[in-house]
Every structure is written in structure tokens, then in C-alpha cells.
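Working notes, beginning with the structure itself.
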Amino acid sequence: MKQTFLLVLLACTFLTELSHAQGFYDRSTVQKIEIFFSASNWDAQLDALAATTEDYLLADSVRINGTSFDSVGVKYKGNSSYNQNNNKNPIHIELDYVHGSYDYQGYTDIKLQNGYQDPSMIREVLSYAILEQYMDCPKANFANVYINGTLRGVYSSAESINSKFNGEHYYTSDGSFFKCNPIGGAGPGSGVSPDLKYLGSDSSLYASGYELKSNYGWNDLVDLANTLNNNFSAIESKLDMDRAIWMLAYNNVLVNLDSYSGAFRQNYYLYKDLNDRFITTIWDLNMSFAGFPGGPTQGQSYTATTLDPFSNSTSTDHPLILKMLANPMYKRMYMAHLRTIVQEIFASGSYLTTANALRTTIDASVQADPYKFYTYTQFQNGMTTTVTGGGPGGGSTPGIQQLMAARVTYFQSNADYLLAAPVITAYAASNNTPNYGATITITATCTNESTVFLGYRLEHPLRFNRIQMYDDGMHNDGNAGDHVYGADVVLNGITMEYYIYAENATAGIFSPSRAEHEFHTVNITIVLPAIGDVLVNELMADNSSTAYDSNGENDDWVELYNHTSTAKDLSGLYLTDDVTNLTKWQIPLGTAINANDVLIIWVDNDSEQSGLHANFKLSASGESVILSDGTTIYDQVDFGIQTQDISYARCPDGGAFTFADPTFDALNNCALGLYEWSQSAARIYPNPSNGNFTIQTDAKGAYAVYDLSGREVTTGSLENSATVIDAQMWKQGTYLVRIQDKLGNLQTTQLIKY
């Protein structure tokens, strides 16, 4: 298992996001962003960079709601929304462009959209407000932007999808990561599109259609495309299909065609999470609600109000849609999600409350905007009527309410939309407070169903397992044929999250209706550990590249290890580096660690980040790590001088400490040797030895020997094919020799002196 997380992770994440939402991305406020350039021709310089390198122009400073940052990167962004003749272009601000420590409320990248092709001015923010109810997505609101003291206008501001976003939503930040937009912009003749077609095994064939945002990942993308197109039965091992289906349903309902569902198949991200599956994240919603002038397929005319829910179902240019709708279960799931969005948001009219609140929030800012693309009257009419003329495109943009009222009418007379789905009338767990390791039964009572499934997981970040439920009288489901279905689950995790999916030959339904984004929960009772049950198992006090937290920071970390056969509740225990202050950092309530598993705590003195971040750091020169209940010490590890990117770990797990290859968030493998030398690796003999050790290698370089406290014992150069280390006076025990050749390759080996 890759990670053990908080029982209250959802609550903690919610509180963190709420605090941020009430700040920089609070939808009820308009932020103030001021940019200062020393050069008066800043606009010409930004245009020149946009036309050539797309690099940043260095601003003297940027001030956000009164907080100033010096030496900040600023550039124009966008494809059709950017034009060198615009007085108001989309802007990307990178606060940490020069100073890597700069952020505003944890955010380093600020992306501002100029309201191009949107007389309502709220399309992007409203669209994200709807989307967040069904998928992980960026937060968004508005900002008044000033440059050199002059107001440029009101912009929509959407959270950047980056390593911080991935870490907070998908629990890792170092997976394969792609921005799915054609390099150089979309449009006819743009070359490869990010359409997930399989182009062959050569990853270079995909390079112009996708932008790699991680250090690696092309082979993973090729593997995804190959599986989607040529081995679709295995797609759930490569792609989170539920989130992909939500994305496609959302695009269709909102007529969001500047997306995968449109002619250019773009504006989404792919991130490979800790379940080794890609997740889709929607991006760039400024042209949703039929604001995009193109259609679902290149050169094909269409009517926005009557866009078919099965649009592109036979399009070979849209293999994800084609394959998904050709699968009967996925097609029924897709229509279930589509019905949920239509009924909850648009048929109910609930979106109008949000839309009108947004319009009220920005009304004064729109009036004051000197460079808006539409008149104030057109802004006022942008919700209810089609706006013709005005704007840089000069075309027609439908009113949002006008469009969606017609969409609801269309769906309510669409034969596929009206297919009768099952009804899930009840669901229950046989025990609502079970103990760890217990077996419980989940039951569901349905009508008009033919098959019922249970989706469940035992840790929040993990994928849902989908198993069939039975109405046969043999699964604690009552009598056979009574429409009560049952399935048993062994609770060998720290919490249970589940949903029910029922279908018949034509339609399906979820409970809860927003599954898998939302779910039912069973809280598992987990016992507190006894002294010795949970140990400090590994630590990294000089981390430069072994692991990165959700903000993409390579901070120090401590790994705890539960070596018992039952999960343990760590609520209220403490971690510290000071024996005189055992209560320095309290492990948050609800933190649990699974049986025979590990838990990572970042020791980075950065408690503002979500997750487990202690309020102290480790010293690479040596100190202590102590786990306690505030009074009694459960485990204490004293360590000496540490070597960069080498961990101090128990080998085997729970055993004695030694230096080892780091095994972040995993059981220790204790196989020393950081890198395999590409040429002639060093051989050390005899080992064990009661005298000297000989290093045999053709490489030139140096070595250093450390004892298990981290103290340097001896050093030397590798000048001969056989270098002798004099160990005659060493005490009996285990040592670590670290060898580095002149090319920088490392080899670390354990020495035993007897």
C-alpha cells in the first residue's frame, strides 16, 4: 500500500480548502492584483515574448491585496483569447519565478482570463462552481488587475493545475503529468491533437499534441493510448473511468466544446496518481455554455440547445467517447451522471442562485472596466438573451439561462434521457461502528433493477473496488428474489467509503447520485497503540530529491511503522525533536495507520499545508526524533550526521538502524546501493572482515565510511584498481561505505567488522 491517510482526511481537506476559498479564491469577493514594470513599453515586451519564446517578463513587483512580492514573472497567455491588439489580454503570474519561496496563501501561479467571448463575464467561475460538485477541479473567482497604477479591468482567476493541485487532490505530486493541449495552439492544421489516439509505440509521435509537465511520463501516455484503443477491457487499470465519464457528461450538458468533447479535443490534464491510473482534470472553462464558436466535430454545424448526449459516439477522432459509449455499462453510467447534472443543477434552477450572486459581486467592477469586450448593457443581458456583435469575435453568444432552459426542455423529451432507471430505495451497513478486521454486509433495496454493484475502498486515496451484490438469500440479503441485495466486506482498512450502482438493460443509477465523487461512509473502530506497536522506522534529514510533498517541495520526512496485525489510531500522540518538549507537535485527530504499514509525516515546519506536516525540521548534523503520548515515550531515535539523500532506517522494518537507500512511503528494502554504476561497479572483499576491506574497481573517485550514528570514520581516494581500507582498529559492528566516482555515480554498501 502506497500511503496511509487520515480517517478525517476529507474534513481536514475541506477545512483547508475552505480557508483558502475564503481568501484568494473566495467567490464572493473581487481580489486586487497590482503589477509594476519599470519599462513603459511593458505591453510591447509581453507581446514580443508571446510571439517568440513565450517566456516571462520580469516585473519589478506584484502586489496582491496589499501584500508585495518583488521580481515576479509575468506573461501573456491564451490562444484565441490573446491578441496583441487587445488592451486586456489573459495573464499568467508566477510569484516564485525568481524567489522560490514566494507564494500567496500557498499559491505560486495566478492565471487570469480576460472575459473574451463572454458578455456575461461569469462563464468560467460559474462553470467551476458547478463542476466542483462532481469532480476535483480548480477554484475560481475574480480579480481587478492594475498595471503600473492603471486599471486594466476585471478578470476571472482560476487556480493553476500543478504539483500543488495534484498533491492536494490526488495525494501525490510526482506522477506522470500532461497538459492536454496541442503545442503551439489548437485549430485546423495544428497537427497532433490530445485526443488519446494510439499513434504507435514511439513517444515522439505524441510530442506535439501533449505538453509534458513532469520529468517523465511519455511511455505511460503511450501505454494509456494503446490500452484505450486496442485493449479497452483493461482500461480501468490505466484510467479512472468514473472521472472521465463525469468529464464527458459535464462537457455535453454545459455545451463545453472547447474541450475533449469538441473539435479540438483539448483543455484537460492527465495525472497518474498513486493507484497508477491517469485522472482527467478539466481546464479552461471560459467558453462553456456554448461560448465556443466551433462545434463537436471539425467543420460540422450543430445546434447548441439540442446537442445530442451521444455526440461523437462514432467519431474515430474521439476514441475515449467512442469506446466509452460502445460499452453498455459505461454508457448507462454516463447517462446516469448526465441526468444527475441536469436534474440537480439546471432543471432545479439552483445554478441561477450562484450565477446571480456572481453577477452582483462583479457588477461595479464590470462598470469600471475600461477595456471590457462588451458593453455594460450586454453584460446585464448576458444571462438571459443572445448577445450579437461586440466582443473580439463579433459573433453571437447565447445567454446562459436562455441556453440551459432550452437544454432542460430538450433533455426532458429525449428518449435516451427518459429511459427508466432502477430506484435504490434503501441501503444499509450491518454494523455502523465495526471494529477493524470485522466483516460487515452492505445491503441495498432496489426496484426495476437487474444487476446491483457495490463500489468500496478502505482508504480514501485508493481506487474503488466494484463487486457484484446478490439477491440469492445467501449473502445476508434476506430472501432470494426480494430485491434486497447483499455483499460482504472485510474491514482491513482504516475507513470504509462506498456507493451502490444499480442498472437494468437500458439505464443505471448511483447512490449517492454524485458517486464516485461522493460516497457513503462506515467508520471503523481502531484501537490506540501500545508502547512498541508503532515505531519511528525511517527518517530523511537531508532530502534533496528522494521525495516531494503535495507542494512539490523536497522537505525532510519521518516514517512511522505499525508492525502489528491490526490498524492503530494515532490520534493525540505527539512527535518531537526535543526530549524536553514532548508535546511539540500533536498528530491530528483521526490519523490512523494500517496493519503492517507505514505513515509519512513531513517535518518541514509548514503546518499551513494540508496533510501531515510537523511544526519542526530535522537537522542534518544530528538530533532526535521522539514519538510519545506527551508523557510516556513510545519510541526515540537518536541520530548523528546525515548524508544527503541517504535515509537512516531500521533494517529490517522495526529492527536496528543503519544507513540505506530511501524507501519513501514503503516498507524498507534495506538493499543498500543508491545507483547501479553503468560501467564497473565496486566490489568489496572480504565482507564481513576482521581486518581490512579492499575496494576493487576500475573507476576513479573517493570513498567515505560512516558508523551507524552517522559519524565519519575514514575517507580516501580510489586511485588504484584495489584500494585497501584499514579497519584494524574499528570496533565490531556495522558500517556504511559510500563510494562516488568522478562522474557522480554513487554506490553505498554495508560493511561488517567482526
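The values are calculated or read from the model by the stated rules, or taken from the named source; none is laboratory data. This structure is a prediction, so every number in the text was calculated from the model and none was measured. Ideal geometry is used to build each Cβ from the backbone, glycine not excepted, and the neighbour counts take in all protein chains shown. These accessible areas exclude ligands, DNA and RNA; they are computed on the full protein's heavy atoms, side chains included. Shrake-Rupley method; radii C 1.70, N 1.55, O 1.52, S 1.80 Å.
Answer with a single label: of [x] 3, 12, 18, 18, 15, 12, 10, 7, 4, 2, 1, 0, 0; [y] 3, 12, 20, 22, 20, 14, 7, 2, 0, 0; [z] 3, 13, 24, 26, 20, 11, 4, 0, which was calculated as P(r) over Cα pairs in 10 Å bins from 0, in percent from the structure in view?
Evaluating P(r) over Cα pairs in 10 Å bins from 0, in percent on these atoms matches [y].
Using 0.36 nm times the number of residues separating A234 and N596, minus their current alpha carbon distance, what extension gain do you get?
127.3 nm is the gain from fully extending A234 to N596.
With a cut-off of 8 Å between alpha carbons and a minimum separation of six or more residues, what is the relative contact order of the stretch 222-370 in percent?
Computed value for the stretch 222-370: 22 percent relative contact order.
Helix 218-230 against the longest principal axis of the chain: what's the angle in degrees, Cα atoms only, rounded to the nearest 10?
For 218-230 against the chain, the angle is about 50 degrees.
Which angle from 0 to 90°, rounded to the nearest 10, does the C-alpha axis of helix 42-51 make with the longest principal axis of the chain?
For helix 42-51, the angle is close to 80 degrees.
Restricting to bridges with both residues inside the chain, how much of the DSSP beta-bridge set is antiparallel, in percent to the nearest 5?
90 percent
Fully extended, how many nm does the chain gain between T67 and T525 (0.36 nm per residue separation, minus their Cα-Cα distance)?
In short, 160.3 nm is gained.
What nm value, rounded to one decimal, do you get for the distance between N448 and D363 when each label is placed 7 Å out toward the C-beta?
Result: 4.3 nm between the two label points.
If you roll a 1.4 angstrom probe over the protein chains with everything in place, what fraction of the accessible area of the chain belongs to carbon and sulfur, to the nearest %?
Ligands and nucleic acids excluded, carbon and sulfur give 47 percent.
Mind checking which lysines have their Cα closer than 29 Å to the Cα of K700? Skip sequence neighbours fewer than 8 apart in that chain.
Straight-line reach from K700, under 29 Å: K731, K742, K753.
Quick one: compute the contact order of the chain, relative version, from alpha carbon pairs under 8 angstrom and 6+ residues apart, as a percent.
10 percent
Kindly flag which residue pairs out of K568/K617; K179/K323; K77/K323 have an alpha-carbon separation exceeding 30 Å in this structure.
K77/K323
Excluding same-chain residues fewer than 8 positions from K32, which lysines have a Cα within less than 19 Å of its Cα?
K75, K88, K111, K139, K372
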